[in-house]
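For reference, the structure is listed below as structure tokens.
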Amino acid sequence: MKTSSPLISLLLNWRLHAIVVAISVLSEWIGIQSIPVANAKLLFLPLFYAFALCLFLNPNITKFSGKILTKKGASIAAPLIVIGILPFIAKFGTLIGPALPKIAEAGPAMVMQELGNLGTMLIAMPIAVLIFKMGREAIGATYSIAREPNIALISDRYGLKSNEGIGVMGVYVMGTMFGTIYFSLLAGFLATTGWLDPRALAMACGVGSGSMTAACSGTLASAYPTMKDEILAFAGASNLLTNATGLYVAIFIALPFSEWFYKKLSGETASDLTTKEAN
Amino acid sequence: MSTSIENTLPHEEETKLTFKENLIALAVISLVSLVSNWAGTGATPIETLPAMLIIYAMVVAGLVLAKMIPIGFPAVAWVSLVSVLLTIPMSPVSEPILAELKSISFLAMVTPILAYAAIAITKMEVDLFKRSGFKIAIISILVFTGTYVGSAFVANTFL
């Protein structure tokens with residue numbers, strides 16, 4: 001294969017892929033482990049070790065890793081996952097297809113849970129505004145789960161240099177760094193408590209990005225091995241729906257509601273906010 | 001935390017791949033997945049190659065559709081639609097596809113993606129993380145928890 005463009009030679013940088021292969025194989029060998037917490041369990045999956053180990057090998061994070069992989073070599077990883085998630089999404093789709101009749105039965109739950117993520121604001125917004133005294137950053141930070149379409153919307157409405165933009169970027173970065181792992185731990189934990197229907201937990205896994213959905217539903221599937229196919233199908237369908245409708249929910253419901261809610265909350269602490277927003 | 005936001009824009013370091021570059025990237029990722037799947041399930045890359053080729057074809061079909069039908073649906077949604085429609089019970093190719101894809105573990109495909117994701121974290125993100133610190137970390141956890149529990153609760157009510 002001729003490596004005509006510099007981007008292609010960067011794509012074929014063997015060091016990056018060798019690291020990923022080595023770490024993935026090691027992680028798969030360690031396998032699924034769990035730690036008991038009260039009456040529930042925290043589940044650790046190979047994807048978790050892979051993520052943690054590669055953080056240490058990221059030249060932007062640790063110094064010694066610069067010897068193994070240059071920053072330039074690592075820089076191709078970002079565009080690579082955008083496309084790299086697609087084979088996995090295709091496999092995911094083949095779990096949804098056969099289960100479609102079952103998913104259709106759960107139709108109302110599936111559609112309504114897309115709105116369930118408005119619950120985000122009910123908890124996070126008051127704490128951001130009333131306790132942390134955040135200004136309009138709170139709107140950007142709490143109106144959504146801050147994935148790419150949500151950033152695009154905030155960028156379009158307010159600009160990314162605005163307070164709202166800073167808020168959405170903060171949560172976005174947290175999500176990129178820890179969201180996937182956090183979702184996986186949270187889902188696994190809730191699963192072992194037995195409070196909610198596994199299918200409901202599975203649908204909720206679909207609220208974020210593809211890798212969040214994968215990590216989250218993968219953990220659930222390990223917690224309920226007998227319902228594995230159904231869980232993956234429900235999570236995948238929910239994520240597909242989020243991908244298709246998420247932006248519209250954000251535009252027409254989440255952002256207007258968040259503006260309104262922010263005004264309500266900040267009205268109570270108006271004096272604090274005017275001083276805060278002045279700087 | 002609001003002064004130097006200029007260098008925290010997400011598209012600052014974003015590299016868009018061309019269609020050809022996407023195909024190459026896909027091929028590399030597919031090979032990496034095959035090895036990860038081998039470690040996870042014991043199925044050798046030679047056994048699982050046909051399954052991966054089917055997946056590859058689905059992704060390419062999705063990418064082509066996203067290009068040809070520009071109605072704002074992201075490529076992920078197209079890829080998903082293609083693979084869902086091919087495997088619904090009414091589809092004539094559903095059974096052979098599913099039988100072939102059984103050899104590839106869903107979880108073993110995710111492991112390398114998260115490895116790439118950890119390496120993809122940029123200097124800019126590490127800096128922003130250090131700068132915005134504690135408050136935004138707490139708010140983020142509340143956002144993730146609220147979104148997840150909110151959706152799960154609503155879904156549970158309607159099931």
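Couple of notes before you dig in:
- Unpaired cysteine residues in chain A (no second Cys Cβ under 4.7 Å): A:54.
- Rel. contact order, % - alpha carbon contacts under 8 angstrom, at least six apart, chain B: 26
- Three-way shape label, region A:1-75, alpha-carbon gyration tensor, a/c 1.5: prolate
- Region B:16-120, dipole about Cα centre (Lys/Arg Cβ +1, Asp/Glu Cβ -1), debye to the nearest 20: 300
- Inter-chain Cβ neighbour count for A:10-16, averaged per residue, equals 3 (cutoff 10 Å, partner chain atoms only).
- Table column - 3J(HN,Hα) (Hz), region B:65-74, Karplus curve with 6.51, -1.76, 1.60, x for Gly and Pro: 4, 4, 6, 7, 10, x, 9, x, 6, x
- Inter-chain Cβ neighbour average for residues B:84-93, partner chain, 10 Å: 5
- Taking the C-alpha atoms only, the angle from helix B:19-41 to the longest principal axis of chain B is near 80 degrees.
- Taking a span of 15 Å or more along the helix axis (Cα atoms) and a mean Kyte-Doolittle hydropathy of at least 1.6 as the rule, the DSSP H helices of chain A that qualify are A:46-56.
- Helix content alone sets the calculated 222 nm mean residue ellipticity of chain A: runs of n ≥ 4 DSSP H residues at -39500 (n - 2.57) each, divided across all residues, give -21500 deg cm²/dmol.
- Overall form of region B:16-120 per C-alpha gyration tensor (a/c, 1.5; a/b vs b/c): oblate
- The calculated FRET efficiency for the pair residue B:57 and residue A:132, based on their C-beta separation and a Förster distance of 51 Å, comes to about 0.55.
- The chymotrypsin sites (Phe, Trp or Tyr not before Pro) of region B:71-159 include none that meets both conditions, a loop assignment by DSSP and at most 13 other Cβ atoms within 10 Å of the site Cβ.
- Set A:228/B:67; B:20/B:123; B:67/B:123; A:67/B:123; A:161/A:264; B:16/B:102 screened for pairs whose C-alpha atoms are more than 22 Å apart: A:228/B:67; B:20/B:123; B:67/B:123; A:161/A:264; B:16/B:102
- Counted charge near residue B:135, where neighbours are those whose Cβ lies closer than 10 Å (Asp, Glu -1; Lys, Arg +1): 0
- Global form of region A:117-156, assessed from the alpha-carbon gyration tensor, a/c cut-off 1.5: oblate
- When you filter the chymotrypsin sites (Phe, Trp or Tyr not before Pro) in region A:180-262 for DSSP loop state and at most 16 other Cβ atoms inside 10 Å of their Cβ, you are left with A:195.
- Karplus 3J(HN,Hα) series, Hz, for region B:105-112 with 6.51 cos²θ - 1.76 cosθ + 1.60 (x for Gly, Pro): 7, 4, 5, 5, 6, 6, 3, x
- Options A:10, B:141, A:251, ranked by Cα towards positive dipole end of the protein assembly as shown, top entry (Cβ charges): A:10
- Under 5 Å from the amide H of residue A:34 lie the amide H atoms of A:44, each residue being 5 or more positions distant or on a separate chain, with H modelled from the backbone and absent for Pro and chain starts.
- Working from label points 7 Å from Cα in the Cα-to-Cβ sense, the residue A:14 to residue B:71 distance is 4.6 nm.
- Probe 1.4 Å, protein heavy atoms only - accessible area per residue of region A:122-227 in square angstrom: 28
- For the pair residue A:105 and residue B:93, a Förster radius of 30 Å applied to the C-beta separation gives a FRET efficiency near 0.80, rounded to the nearest 0.05.
- Exposed-loop-free span, longest in chain A, where trypsin sites (Lys or Arg not before Pro) count as exposed if DSSP calls them loop and at most 11 other C-beta atoms lie within 10 Å: A:64-279
- Put simply, the amide H of residue A:134, placed in the peptide plane, has neighbours under 5 Å in A:129, leaving out anything fewer than 5 places away on its chain.
- Residue among B:20, B:67, B:135 with the largest mean-square fluctuation in a Gaussian network model of chain B, springs linking Cα atoms under 10 Å: B:135
- The alpha-carbon positions of region A:85-278 define a convex hull whose volume is 119 Å³ per residue.
- Distance from the alpha carbon centroid of region A:200-227 to that of region A:108-183 works out to 21 angstrom.
- Full extension of the chain between residue A:157 and residue A:52 gives 34.3 nm of extra length, using 0.36 nm per residue less the Cα-Cα distance.
- Qualifying GluC sites (Glu not before Pro) in region A:62-171, DSSP loop, other Cβ atoms within 10 Å at most 15: none
The values are calculated or read from the model by the stated rules, or taken from the named source; none is laboratory data. Note that this is a predicted model, so its numbers are computed, not measured. Heads up, the Cβs are rebuilt from the backbone with ideal geometry, glycines too, and the neighbour counts pull from every protein chain shown. In case anyone asks, the SASA skips ligands and DNA or RNA and just uses the protein heavy atoms, side chains included. Shrake-Rupley method; radii C 1.70, N 1.55, O 1.52, S 1.80 Å.
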